[in-house]
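Read-outs: derived from the displayed coordinates by stated rules, not from any lab. Note that this is a predicted model, so its numbers are computed, not measured. So basically every Cβ, Gly included, is an ideal-geometry build from the backbone, and we count neighbours across all protein chains shown.
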Amino acid sequence: MSYLNDPRVLFATERTLLAWNRTAIALMGFGFLVERFGLFLRVVLGHVEEPLYRHASLVIGVAFILLGVALLAISVRQYRLVVRTLGSEEIPPGYWVNGGVFTNVVMALLGLLLAAYLVLM
C-alpha cells in the first residue's frame, strides 16, 4: 500500500497507461502500413498473388499489430497492479479509475479484428 496520500500518483499511473496506449496504437498503425505497402508493391509490379503464399509484408504487418495488442494487455495488467496498491486518499472520490483500462481493452479488440481482417482478406 502506498502512503503518499497524493492523487497525483494515480494520475501519473494513468498517464503511463495512456502513453503505452499511444505506443501500441503507433505499432498497430505501422503494421497496417507495412501490410498495405506490400499490397501496393504487388499491384504496381503486377505480381499475381498465389492463394497459399504468405507475403512477408503480411506477416510482418500482422506481427506489429499483434505486438501492439500485447502491449495493450500488458499495460492494463501493470496499471491495475499499481492502482491496487493505492490508498483511498490517493483516489479522488467518484473518480473512475478504469477509463484507461476500458480504452485499452477496446483498442486491443479492434487490433485483433484488424489482424484477422488482414489475414483472412
What residues of region 66-89 lie in the reach of a label at residue 30, counting those whose backbone N is under 18 Å from a point 7 Å from the Cα along Cα→Cβ?
66-75
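In a shell of Cβ-Cβ distance under 13 Å around residue 95, excluding residue 95 itself, what net charge do Lys and Arg (+1) and Asp and Glu (-1) give? The partial results should precede the final answer.
Values: positive: 8; negative: 14, 89, 90.
Local net charge: -2.
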Just 64, 30, 11 to compare: in a GNM of the chain, with alpha carbon springs under 10 Å, which one fluctuates most?
11
What's the magnitude of the charge dipole for the chain around its Cα centre, counting Lys and Arg as +1 and Asp and Glu as -1 at the beta-carbon? Answer in Debye, nearest 20.
60 debye
